[in-house]
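See structure below.
The values are calculated or read from the model by the stated rules, or taken from the named source; none is laboratory data. All of these numbers come straight from a predicted model, not from anything done at the bench. Cβ placement follows ideal geometry from the backbone for every residue including glycine, while neighbour counts extend to all protein chains displayed. Keep in mind that these areas ignore ligands, DNA and RNA; they rest on the heavy atoms of the full protein, side chains included. Shrake-Rupley method; radii C 1.70, N 1.55, O 1.52, S 1.80 Å.
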Amino acid sequence: MSLYNALPTLCPVHGPPKNRQNCRHCNAAYMRGYMRTARRKRPARAILDRARHRARKNGVSFALSGKDILVPKNCPVLGIPLVIGGPRSNASPSLDRINPYKGYAVGNVRVISDRANRLKGGRSLSEIEALSRKARPNQRADYKAIAIYMEREALLIDVKRKALLGGSASPWIVIADFLEHKFRTFFD
């Protein structure tokens, strides 16, 4: 258990938050503990709520529900284990918009590590490939992994487009479902 999860949520006046009805500090301490537990038990919900807030704040379209967010055990870009419920770190789950110019929509989001998402940013594949050659030596491997991830996602988008054009009997549908499953479980 990390220190972050072990810290008790205490009221500065009463200690354990047992007087929630009459003390705003007790209520705030209780809610901090409740929200910490909720983020750890239901990480997809926490990710969804933060994305909805960012979409409103930045004027970006938002069309996701809780079932659209799947949190893998490992980052599908860097392969590192995702740490759920702790303070923000490089290994925290983060919602990536595959195409940063589109909003939060089904098929345009994937949960990856915070580090991978920050390194990717709003860059294009050519910019990421250039960084994989010119960045500091300790970052080149990460940028290369991000370039591979972006190529995989571009391939998946192309296959899904062909599946839509081919109708319900198209073999592209089977290929798209297979690739989607493999990309979601790439490092698991």
Identify all residues within segment 118-147 that are of a type in the set (Val, Ile, Thr) and touching a residue at least 24 places away in the same chain (Cβ under 8 Å); write none if there are none. 146
Considering only segment 85-93, I want to know if a residue exists there that is of a type in the set (S, T, N, Q) and over 13 Å from the mean Cα position of the chain (by Cα). no
Answer residue from segment 43-74, given it is without any contact (Cβ under 8 Å) to a residue 12 or more places away in the chain and more than 14 Å from the chain's Cα centre (by Cα) and is least open to solvent (accessible area, probe 1.4 Å) among those: 59
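Every residue, every condition in (1) under 22 Å from the mean Cα position of the chain (by Cα); (2) under 18 Å from residue 90 (Cα atoms), yes or no:
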residue: 121; (1), (2): yes, yes
residue: 125; (1), (2): yes, no
residue: 130; (1), (2): no, no
residue: 139; (1), (2): yes, yes
residue: 150; (1), (2): yes, no
residue: 154; (1), (2): yes, no
Residue 3 fails exactly one of the following numbered conditions: (1) modelled with pLDDT under 90; (2) of a type in the set (A, V, I, L, M); (3) touching a helix residue (DSSP H, G or I) at 6+ places or on another chain (Cβ under 8 Å). What is the number of that condition? (3)
